[in-house]
Amino acid sequence: MNNLKIIGTSHIAKQSIEEIKKAVEEFQPDIMAVELDRQRAIALMQKQKNKMSFRDIAKIGVKGYAFVKIGHYVQQKLGKIVGVAPGSEMKTALEIANTKKLRVAFIDQPINITLKNFSKELTWKEKGTFALDLVKGIFSPKKQMKKYGLEEFDLRKVPEQQAIAKIVSHVKKQYPSIYKTIIADRDKYMVKQLVRLLRQHPEKKILAVVGAGHKEGMEKLLLKVDIIR
């Protein structure tokens, strides 16, 4: 698949921003595919804060809402440490696409669907395990980082693929419903979108910018797909 290149990013790593810029110059894509849906892309580019009404929370479920708030809080804290706003790499990809007049493809599953599925499938056991891991992370962060071989983890860089694989494997084992709804289901959705683009535009080069935790899973799925049909 010489006309498709996937970059795995960290949402707060300066390295990711530089890798996107380098890939655009070297790969010269025609289409920029990003791990966003249209709603999130608009919010990101307009710097909107995600304010949810009670009706919105009811639609996605309390569990999904809580997951978003915790994730947002953690990313904001880590982003302040390294001086990079969460989502800067996706914003960079969109800005480059606009400057170079590239077509943009939003390939991620709509966030409301993801969170609704998350709320529906998260078990009480997983909630308890998550709470325990959260406490451990607060009181013994170094021990938790060591568990994944991330003792010398640099937030400014994208983790090595081996470390990412360990984290994904842990999530799959400890939190199967989280793995399914947040990682696996979205891998499948994004691959379907990329395959559709490849079939519609076989002569075009596509640069896909996705979170590092999705890259390996998506590449494995793509190997099983017959693009030319």
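Evaluate the following for Ile164: is it modelled with pLDDT of 90 or more, β-branched (Val, Ile, Thr) and in a helix (DSSP H, G or I)? Give the derivation first.
Working: modelled with pLDDT of 90 or more: no; β-branched (Val, Ile, Thr): yes; in a helix (DSSP H, G or I): yes.
So Ile164 does not fit the description; no.
For residues that are surrounded by 13 or more Cβ atoms within 10 Å (Cβ to Cβ), assigned to a loop (DSSP other than H, G, I, E, B) and among the aliphatic types (A, V, I, L, M), scanning just the range 189-229, find the one that is nearest to the chain's Cα centre (by Cα).
Checked the range 189-229; the qualifying residue nearest to the chain's Cα centre (by Cα) is Val225.
All but one of (1) at pLDDT 85 or above; (2) under 30 Å from Thr123 (Cβ atoms) hold for Gln15; which doesn't?
Condition not satisfied by Gln15: (2).
Go through the range 170-188 and report how many residues are part of a helix (DSSP H, G or I) and either touching a residue at least 40 places away in the same chain (Cβ under 8 Å) or among the β-branched types (Val, Ile, Thr) (or both).
Within the range 170-188, residues that are part of a helix (DSSP H, G or I) and either touching a residue at least 40 places away in the same chain (Cβ under 8 Å) or among the β-branched types (Val, Ile, Thr) (or both) number 11.
Of the residues Ala43, Ala23, Ala58, which single one is at pLDDT below 85, in a helix (DSSP H, G or I), out of contact with any helix residue (DSSP H, G or I) (no Cβ under 9 Å at 6 or more places or on another chain) and of a type outside the set (Asp, Glu)?
Of Ala43, Ala23, Ala58, the one residue that is at pLDDT below 85, in a helix (DSSP H, G or I), out of contact with any helix residue (DSSP H, G or I) (no Cβ under 9 Å at 6 or more places or on another chain) and of a type outside the set (Asp, Glu) is Ala58.
Looking at this structure, is Thr9 at pLDDT 90 or above, of a type outside the set (Asp, Glu) and surrounded by 14 or more Cβ atoms within 10 Å (Cβ to Cβ)?
yes
Any idea how many residues of the range 86-110 are outside any loop (DSSP other than H, G, I, E, B) and without any contact (Cβ under 8 Å) to a residue 60 or more places away in the chain? Steps first, answer last, please.
Keep residues of the range 86-110 that are outside any loop (DSSP other than H, G, I, E, B), which gives 88-99, 103-106.
Cutting the leftovers down to without any contact (Cβ under 8 Å) to a residue 60 or more places away in the chain gives us 91, 95, 98-99.
So the answer is 4.
Being acidic (Asp, Glu), closer than 20 Å to Ile113 by Cα, touching a strand residue (DSSP E or B) at 6+ places or on another chain (Cβ under 9 Å) and at pLDDT 65 or above narrows it down to one of Asp37, Asp30, so name that one.
Only one candidate passes the filter, namely Asp37.
Test each condition in (1) surrounded by 15 or more Cβ atoms within 10 Å (Cβ to Cβ); (2) at pLDDT 70 or above; (3) over 21 Å from the mean Cα position of the chain (by Cα) for Gln144 and report the one that comes out false.
Failing condition for Gln144: (2).
The values are calculated or read from the model by the stated rules, or taken from the named source; none is laboratory data. Worth saying up front: this structure is predicted, and the values here are computed from it rather than measured. A quick note on method: Cβ atoms are made from the backbone with ideal geometry, for glycine too, and the neighbour counts reach across all protein chains shown.
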